[in-house]
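Trainee: So that we are looking at the same thing, I have put the structure below in structure tokens.
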Amino acid sequence: MTTDVDYDIIIIGAGAVGLAVARALAVRGETSVLIIEKEMGFGQGTSSRNSEVIHSGIYYPVGSLKAKYCLAGRDRLYDFCRENDVWNSKCGKLVVAQTGQESQLEALHRQAETNGVPELYMMDRSEIAAVEPEVSAESAMFVGCTGIVSAHELMSAYHRISAEADHDLLLKASVVGAELKGELYALHVKGPGDADYAVTTRWVVNAAGLHSDRIAQFLWGSDDSSRPVLRYSKGTYFKLSGKWRHRVERLVYPIPDAEHDSLGIHLSFDQAGDVKLGPDAAWIDDRSEDYTVNVEDGDIFYSEAKQYLPSLERDDLSPDYSGIRPKLAAETMKGNFDFYIKHEPDYPGWINLVGIDSPGLTASLALGEKVAEWVVV
Ligand SMILES: Cc1cc2nc3c(=O)[nH]c(=O)nc-3n(C[C@H](O)[C@H](O)[C@H](O)COP(=O)(O)OP(=O)(O)OC[C@H]3O[C@@H](n4cnc5c(N)ncnc54)[C@H](O)[C@@H]3O)c2cc1C
């Protein structure tokens, strides 16, 4: 085996997933690890632009990677948070159905049971009113194992464990090319500043989020339509005024929006108790990373949320932030929006994580452990 190599493992991208891979490698005793991140700090991409929900796993088709890693990751994540002092709350959630949506809620309940999700409880209108007086719905499914987590604290914990294992984190540096040279990969890197150089490694973990398909194309080009390609779906949030703090104790979700593969405009809150509505879902076909929040979209958020929050007023909403979901493009993946996670058989030592949209935060610990299992140094 060649010994003249800079690192055993390079991880491209320091989001929740890249950092979780680093954490799992650290736990296994791997020390020759470099994480390359194009931003000024870790976790500045999709991992800090999401709902911070620990998902239960009710939505995903049986046998999908989303179901597998969400279910595997969820309870492990609660344990990890407890052991590492990461803020979280197992607050539970209500999926609410209005008149005429009951059959969709029942179908979701069956899916949840088939997926083996525990702590499910169906409620009628009066039971909902008894536990959440602000929420109005014909019926609801309570999911007790759903919760929220501080994404920032979670990533800080992953990073701390990685740093304690002497891993290097290179910031303000973009991977701009890659080539296989014998048994090694040479990654071409630009930054920080004008620096332009190559780093060699035995293993590459591509956890580059919104850019992960283009990083993979460094190997196989852009002409092969059988390879995964991303399509962006923007999700925007509106925050509610302070009078809504602690008025609702559980997350509240409508029936999912199948057309956009989104969970619908839901109500969630964060560590500080601030309440927000969203995200919506809008395809961005030019792949621009435009995080602008359109003030006028507040009207739609208001009318959607008003259906389950009758005392909501339009003035309660103000623009908050947005995130972009990296979804596997329907054209190439036949409408399958699952994760793509593979140790590429044509490229030994190269692992791709592409299309890691929701529930990627929930699944991060489990994804990191799976990738670490594949890596043999
Ligand atoms: C609106 C929205 C709501 C969501 N809600 C939830 C939720 O409630 N619960 C949940 O479990 N999941 C949720 N998700 C999904 C979750 O946020 C993601 O699955 C997860 O954050 C993905 O992490 P990542 O590390 O793969 O990607 P990212 O966080 O995007 O990290 C990738 C990193 O790679 C870096 N990078 C990219 N290209 C290069 C390059 N060439 N060189 C160097 N670095 C590079 C980027 O700068 C970035 O930091 C949501 C997502 C969105 C958009």
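The values are calculated or read from the model by the stated rules, or taken from the named source; none is laboratory data. Keep in mind that what you see is a predicted model, and the values were worked out from it rather than measured. Neighbour counts are summed over all protein chains in view; Cβ atoms, including those assigned to glycine, are modelled from backbone coordinates with ideal geometry.
Trainee: With the structure loaded, tell me whether residue 41 is within 30 Å of residue 239 (Cα to Cα), in the same structural domain as residue 340 (by TED's automatic domain parsing) and assigned to a helix (DSSP H, G or I) or whether it fails that test.
Mentor: no
Trainee: Please count how many residues of segment 265-313 are exposed (fewer than 11 other Cβ atoms within 10 Å of the Cβ), in contact with a strand residue (DSSP E or B) (Cβ under 8 Å, 6 or more places away or on another chain) and closer than 23 Å to residue 242 by Cβ.
Mentor: Qualifying residue count for the region: 0.
Trainee: Of all residues being surrounded by fewer than 17 Cβ atoms within 10 Å (Cβ to Cβ) and under 20 Å from the mean Cα position of the chain (by Cα) in segment 240-259, which is nearest to the ligand (Cβ to nearest atom)? Just the residue, please.
Mentor: 257
Trainee: State whether one or more residues within segment 301-316 are within 15 Å of the ligand (Cβ to nearest atom) and either part of a helix (DSSP H, G or I) or modelled with pLDDT of 95 or more (or both).
Mentor: Yes: segment 301-316 contains one or more residues that are within 15 Å of the ligand (Cβ to nearest atom) and either part of a helix (DSSP H, G or I) or modelled with pLDDT of 95 or more (or both).
Trainee: Here's something else I'd like to know. So which of 20, 24 ends up being away from the ligand (no atom under 11 Å from the Cβ) and over 11 Å from residue 359 (Cβ atoms)?
Mentor: 24
Trainee: On to the next question. Within segment 50-93, can you find the residues that are assigned to a loop (DSSP other than H, G, I, E, B) and either within 12 Å of the ligand (Cβ to nearest atom) or closer than 13 Å to residue 117 by Cα (or both)?
Mentor: 50, 51, 52, 55, 56, 57, 58, 59, 60, 61, 62, 92, listed by residue number.
Trainee: Which one of these is of a type in the set (Gly, Ala, Ser) and more than 21 Å from the chain's Cα centre (by Cα): 226, 268, 262?
Mentor: After applying the criteria, what remains is 226.
Trainee: Looking for whichever is without any contact (Cβ under 8 Å) to a residue 24 or more places away in the chain and within 22 Å of residue 4 (Cα to Cα) here; the options are 186, 163. Which one fits?
Mentor: 186
Residue-by-condition table, conditions (1) under 30 Å from residue 73 (Cα atoms); (2) hydroxyl-bearing (Ser, Thr, Tyr); (3) in a loop (DSSP other than H, G, I, E, B); (4) without any contact (Cβ under 8 Å) to a residue 12 or more places away in the chain:
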| site | (1), (2), (3), (4) |
| --- | --- |
| 95 | yes, no, no, no |
| 106 | yes, no, no, yes |
| 111 | yes, no, no, no |
| 117 | yes, no, yes, no |
| 122 | yes, no, no, no |
| 126 | no, yes, no, yes |
| 134 | no, no, yes, no |
| 137 | no, no, yes, no |
| 140 | yes, no, no, no |
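Trainee: Can you name every residue in segment 260-281 that is among the aliphatic types (A, V, I, L, M) and either more than 16 Å from the ligand (Cβ to nearest atom) or not assigned by TED's automatic domain parsing to the domain that holds residue 291 (or both)?
Mentor: 272 - this is the single residue of segment 260-281 that is among the aliphatic types (A, V, I, L, M) and either more than 16 Å from the ligand (Cβ to nearest atom) or not assigned by TED's automatic domain parsing to the domain that holds residue 291 (or both).
Trainee: Any residue in segment 343-372 that is within 17 Å of residue 216 (Cβ to Cβ) sitting within a Cβ distance under 7 Å of a residue that is of a type in the set (D, E, K, R) and assigned to a helix (DSSP H, G or I)? List the pairs, counting only those 6 or more apart or interchain.
Mentor: Close Cβ pairs satisfying both conditions: 354/213.
Trainee: Yes or no: segment 29-40 includes at least one residue that is buried (at least 17 other Cβ atoms within 10 Å of the Cβ), under 22 Å from the mean Cα position of the chain (by Cα), closer than 30 Å to residue 277 by Cβ and modelled with pLDDT of 95 or more.
Mentor: So far as segment 29-40 goes, no, none of its residues is buried (at least 17 other Cβ atoms within 10 Å of the Cβ), under 22 Å from the mean Cα position of the chain (by Cα), closer than 30 Å to residue 277 by Cβ and modelled with pLDDT of 95 or more.
Trainee: Residue 369 - would you say it is under 25 Å from residue 187 (Cβ atoms) and outside the structural domain of residue 218 (by TED's automatic domain parsing)?
Mentor: The answer is no for residue 369.
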